[in-house]
Each structure stands twice: as structure tokens, then as C-alpha cells.
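Trainee: This is the structure, below, for whatever I ask next.
Here, each number is a calculation from the coordinates, and none is a lab measurement. Every value quoted in this text rests on a predicted model; they were computed, and no experiment measured them. Please note: Cβ atoms are built from the backbone with ideal geometry, for glycine as well, and neighbour counts cover all protein chains shown.
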Amino acid sequence: MAPLKAALRGAEIPSSPIYSIADISADPQYESRGDLAHVTHPRLGEIRMPSVVPRLSATPGRIARLGRDLGEDTDKLLSKPLVTAASASKNCEGRAWCDLVASD
């Protein structure tokens, strides 16, 4: 990688590394800029995750919640039909692609 960086720098071609999440996590600059948030998850404890970007002065944003647990809504979603015949025909009205789906 060093020879490539030197060649690009020598040719005055702007470049920068492409970081993996491990690189970002290990780079102190991300931590010092507040780009990584420390939040508490009810089951996992403290975790680090990307912070809100961009942070605007009047409305900096915040992490309100971490999202729902895996499978938390599964029973609710699977307990009712996802598409009824009535809603399918209503939503397909005038759309040519519906004929293709209906013929399968």
C-alpha cells in the first residue's frame, strides 16, 4: 500500500484510505470528533455505533432508540395476511405489471 500512496502523492492525485468498521473503531480521530456514540442496549450493555451525522448547531440530532429486538414483531406480522385479494386488486388497478404477477 505504501508504494501506491507514494505514487499518488507524487502525482498530486488526492486520495485517502477506505476504512473498514474495524479501522474506524480503532482511529482516535473518529472518537474525538464524536462520530462514534456510546449507547446502552438493554441486553447487550454498552455498545458503540455511528453517531448522528451531520451535527447541525441548531438541531444536532440524537439517537432516540436503538431499534426493535430481532423477532420482536414476528408474531404480530405473521398473525395476519400480508396481502388480501381485495387490497391486491385495488392496488393493481390500471397497472400492467399486475397482470404478470397474477398469471404466475
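Trainee: Less than 14 Å Cβ to Cβ from residue 35, Lys/Arg counted +1 and Asp/Glu -1: what total charge do the surrounding residues give?
Mentor: Charge balance near residue 35 sits at 0.
Trainee: Then there is this: Under the rule of at least 5 residues apart or a separate chain, name every residue whose amide H is placed under 5 Å from the amide H of residue 36.
Mentor: Close amide H contacts, sequence-distant or interchain: 51.
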